[in-house]
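Remarks on the structure that follows.
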Amino acid sequence: MKITDAKVIVCSPGRNFVTLKITTEDGIYGLGDATLNGRELSVASYLSDHVVPLLIGRDARRIEDIWQYFYKGAYWRRGPVTMSAIAAVDVALWDIQAKSLNTPLYQLLGGRSREAVLVYGHASGEDVEKTLGSFGHFVSLGYKAIRAQCGIPGLSSTYGIGHGGAVYEPAEKGLPPENQWSTEHYMRFIPQLFAALRKEFGPEIHMLHDAHHKLTPIEAGRVGKDLEPHRLFWMEDPTPAELQEGFRIIRHHTTTPIAVGEVFNSIFDCQHLIQEQLVDYIRTTVVHAGGITHLRKIANLAELYQVRTGCHGATDLSPVCMGAALHFDLSVHNFGVQEYMPHTAETDKVFPHAYSFKDGFMHPGDRPGIGVDIDEKLAAQYPYERAYLPVNRKLDGTLHSW
Ligand code: GCO
Ligand code: MG
């Protein structure tokens, strides 16, 4: 089954997405997401300038061999740009393989390990009252797991909050906005937020929180300890994970479960954290960690150490990634939870899909392949728009992790 065409589609139906479409000699095509938030065009160029010419003529069924060809064959290994490009190829090939066998992808990944996929939604608000309101809204929609982010008193803006009641969206159009940060303000406030949430919503609902890489290990240990009475499902990205030993300090101080890995792109980023059992959930996802082929290897390693998966699923991961992730989630044994931020109606129209949400769970659907398509004509009506993730400064102006 020879590859006869491959093309990169960049579009911005509400936000930017990069999609790879691979077509074979018998007319079957597959899609792969290649979106790298705020750096989209670098992956688009990597694919169209360097990968597409090498794809033409290859046998689309040789998924593992093609993965190794682009990983080992590039000489330059790993990194988010390379791994997102490889992921796009990989997912498109899995899509083709499953379509050619007329089966939903999860059947090729070992079949389903569960009936449906537990997802968590994003509650947020500028203050505690608004966050309680937003959390209640997700409860009313049937969510069983909800993360909560809140404006911090004394800071004009912070990670994870939608502006003026709008749904939170990580990237903003134009040049990067600047957020404010104070660890002291945050640490004083965050236990109060979760005390209020537990009081209002009771013990059963799963509560999650994203610290978004902004604490030192000992600060994270303190936050984890202060949050223990509120029984979080997880505390995410407590400290930047380049310093993997830092997680040992966090572990020494708290039993709050830790989730890490949305910015990782290979098994080598996770290896130490998993093997030393320094984390509980691994958040690597399809698009940024080398596709289904590589993500399965990460999950298999994690399974040995009782670490579960918790794939990143913000809006910058396109519906193509979401579809692929749901097939992975449904099949992998050590699944934990899947993040779910619904896309805008414009995005959903450009990417018609078979996946669905019901009562806090999702299902990838039973269409052959990953079950996600692209309407290219409609996509062409939404050209790329420059957008960046914010940067973060402490109150004295020092640049900080965002
Ligand atoms: C999350 C993430 C996002 C990221 C965004 C970056 O947990 O969903 O932290 O909000 O910041 O996806 O592109
Ligand atoms: Mg996160």
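FYI, it's all coordinate maths here, none of it is from the lab. From a predicted model like this one, the values you see are computed outputs, not experimental measurements. Cβ atoms come from the backbone with ideal geometry, glycine included; neighbour counts cover every protein chain shown.
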Please work out the FRET efficiency for the pair Ile56 and Ser113, using the Cβ-Cβ distance as r and a Förster radius of 56 Å; give the result to the nearest 0.05. 0.95
In nm, the gap between the two label points placed 7 Å beyond Cα toward Cβ at Thr344 and Tyr305 is 4.0 nm
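Would you kindly state how much longer the chain becomes between His137 and Asp366 on full extension, computed as 0.36 nm times their sequence separation minus their alpha carbon distance, in nm to one decimal?
Values: separation 229, 0.36 × 229 = 82.44 nm, distance 2.93 nm.
Using 0.36 nm per residue and subtracting the Cα-Cα distance, I get 79.5 nm.
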Mind ordering 167-178, 44-55 by average Cβ neighbours within 10 Å, highest first? 44-55, 167-178
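Using the Cα centre of the range 3-103 as the reference point, and only Cβ charges (+1 on K/R, -1 on D/E), how large is the resulting charge dipole? Debye, rounded to the nearest 20.
280 debye
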When the dipole is taken about the Cα centre of the chain, and only Lys, Arg (+1) and Asp, Glu (-1) are charged at their Cβ, what size is it in debye, to the nearest 20? 440 debye
Can you give the FRET efficiency to the nearest 0.05 for Asp396 and Arg39, using r as the Cβ-Cβ distance and R₀ = 35 Å? 0.75
For Glu178 paired with Lys377, estimate the spin-label separation in nm (one decimal), with each label point 7 Å from Cα along the Cα-to-Cβ line. 4.7 nm
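Between Asp26 and Arg386, what FRET efficiency comes out of the Förster formula 1/(1 + (r/R0)^6) with R0 = 35 Å and r the beta carbon distance, rounded to 0.05?
Working: r = 39 Å, r/R0 = 1.11.
Calculated value: 0.35.
So what's the back-of-envelope 222 nm ellipticity for the chain, counting only DSSP H runs of four-plus at -39500 (n - 2.57) apiece and dividing by all residues, rounded to 500?
Working: 13 runs with 138 residues, N = 402.
Result for the chain, helices only: -10500 deg cm²/dmol.
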Expressed in nm², what is the orientationally averaged projection area of the convex hull enclosing the Cα positions of the range 304-402? 10.0 nm²
Work from the charge dipole of the range 3-103 (Cβ charges, +1 for Lys and Arg, -1 for Asp and Glu, about the Cα centre) and give the residue of Gly14, Asn102, Ile66 farthest towards its positive end. Gly14
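Rounded to a whole number of µm²/s, how large is the Stokes-Einstein D of the chain at 37 °C and 0.692 mPa s, given Rh as the Kirkwood radius over C-alpha pairs? Let's see the in-between values first.
On the way: Rh = 21.4 Å.
It diffuses with D of about 154 µm²/s by this estimate.
Can you tell me the convex hull volume per residue for the range 38-117, based on C-alpha atoms, in Å³ to the nearest whole number?
Working: hull volume 10.0 nm³, N = 80.
Each residue corresponds to 125 Å³ of Cα convex hull volume.
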Could you sort 201-214, 240-253, 81-94 so that the peptide with the highest average Cβ count within 10 Å comes first and the rest follow in order? 81-94, 201-214, 240-253
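May I ask for the net charge around His163, where only other residues with Cβ less than 10 Å from the Cβ of His163 are counted and Lys, Arg are +1 while Asp, Glu are -1? Each step should come with its number before you reach the end.
Numbers: positive: none; negative: Glu126, Glu169, Glu172.
So the environment of His163 carries a net charge of -3.
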